[in-house]
1. Taking the highest mean first, how do the peptides B:166-176, B:117-127 order by number of other beta carbon atoms within 10 angstrom per residue?
2. Ordered shortest first, which distances in nm separate the 7 Å Cα→C-beta label point of A:Phe46 from those of the other copies?
3. Over the stretch B:5-182, what is the mean sequence separation of C-alpha contacts under 8 Å (at least six apart), divided by residue count, expressed as relative contact order in percent?
4. How would you classify the stretch B:141-184 from its alpha-carbon gyration tensor, with a ≥ b ≥ c the square roots of the eigenvalues: rounded for a/c under 1.5, else prolate if a/b is greater than b/c, otherwise oblate?
5. Helix B:102-111 versus the longest principal axis of chain B: what angle, 0 to 90°, nearest 10, using Cα atoms?
6. Using a 7 Å offset from Cα along the direction of the beta-carbon, what are the separations from A:Ser91 to the same position in each other copy, nm, ascending?
7. Assigning unit charges at the beta carbon (Lys, Arg +1; Asp, Glu -1) and nothing else, what dipole magnitude in debye, to the nearest 20, does the stretch B:5-182 show about its Cα centre?
8. Starting with the highest mean, order B:16-22, B:5-11, A:70-76 by the number of other Cβ atoms within 10 Å, averaged over the residues of each peptide.
Protein chains: 2
Amino acid sequence: MDYYWRDALHDALRRNRGDAHHRYFQLATVDEAGWPANRTVVFRGFSDDDQRLQVATDARSAKVAQLAAASRGEICWYFTRSREQFRIRGSIELHGTAGPGSAACSSLWNSMSEAARTQFFWPAPGAPLAETEAIAESNLPPSSFLLLELAPERVDHLQLRPDPQRRQVSALQQGTWHAQAVNP
Amino acid sequence: MDYYWRDALHDALRRNRGDAHHRYFQLATVDEAGWPANRTVVFRGFSDDDQRLQVATDARSAKVAQLAAASRGEICWYFTRSREQFRIRGSIELHGTAGPGSAACSSLWNSMSEAARTQFFWPAPGAPLAETEAIAESNLPPSSFLLLELAPERVDHLQLRPDPQRRQVSALQQGTWHAQAVNP
């Protein structure tokens, strides 16, 4: 069978682009106490080799501390127009503007709108209102700016529209993707 | 200050009801190996005392095994019309058609459409396609049908529309909710 989740995801992105929120997904992590944590983030594209999903994140956010303890995540991405869901599980790496991955980090910064950049200069997210300092604005990415990359290891793709519904689970085994049709 | 997350959530439900997906949210749990798991579920309402959020789930699904090991979840609920997010963390209980909670479980079943009920008679979700048996259809809830209830302990409410954005974190302490405004 020729099913490949990456083609299906590119397809979903294309078919849902008329929906203003089609690039929003939910990223789950595990916090230091073993509780699940879940928040909406914006998909910023794929890495140059098409292997990893990219998100911009704030070094001062709770998820960065959580990822230092357990660098694992699961994306839940529901497309409302095509009525399909991708659950994408994988290891997560963070890249700042220095060290390995800094070129990809700067490249993401350069691709972002001024509005999207602004929040990285705001006072620390989650801290009591206005008790922390804002960061001086500049065209360069501040130290708060990080590129988050998730490298998929398992993808669960559910399509609600066909009758019967379709569900494919793909797993990365020794560098090769294997897909299996399962019950929805 | 008079902010109360439950009022804000009821408000969001009302203001977003024109959106066909406003009752869908993402529920994160932690699996047996410590990985985060994340999936879209349908909000089925509040418990009679308004204290818990209800979801219907399949006893044969992976999340039920995960919850037996770690009965904790975080809901991420993004409302696209009003551009606000509720992150709702809490302990989770499951109720079947026998034992404590069975009345609430049956009441949820009775409130559900025939289309929503159908999937509980399908072969086991996640199992290889068609290798398991379907359950004989009936008007009574099958053993696969469970009521999942999440009792909130912490709620993080982010509003993207106002300028500046607003974020309130509420925590349940000794039976009383305390809210604090934090940086978005």
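Only the coordinates and a few stated rules stand behind these numbers; no lab work does. This structure is a prediction, so every number in the text was calculated from the model and none was measured. As a convention, Cβ positions derive from the backbone with ideal geometry for all residues, glycine included, and neighbour counts pool all protein chains shown.
1. B:117-127, B:166-176
2. Distances to the matching label points in the other copies: 4.4 nm.
3. Rounded, it is 22 percent for the stretch B:5-182.
4. The shape class here is oblate.
5. Tilt relative to chain B: about 90 degrees.
6. 3.6
7. Here the stretch B:5-182 has a charge dipole of around 700 debye.
8. Ranked by mean Cβ neighbours within 10 Å, highest first: A:70-76, B:5-11, B:16-22.
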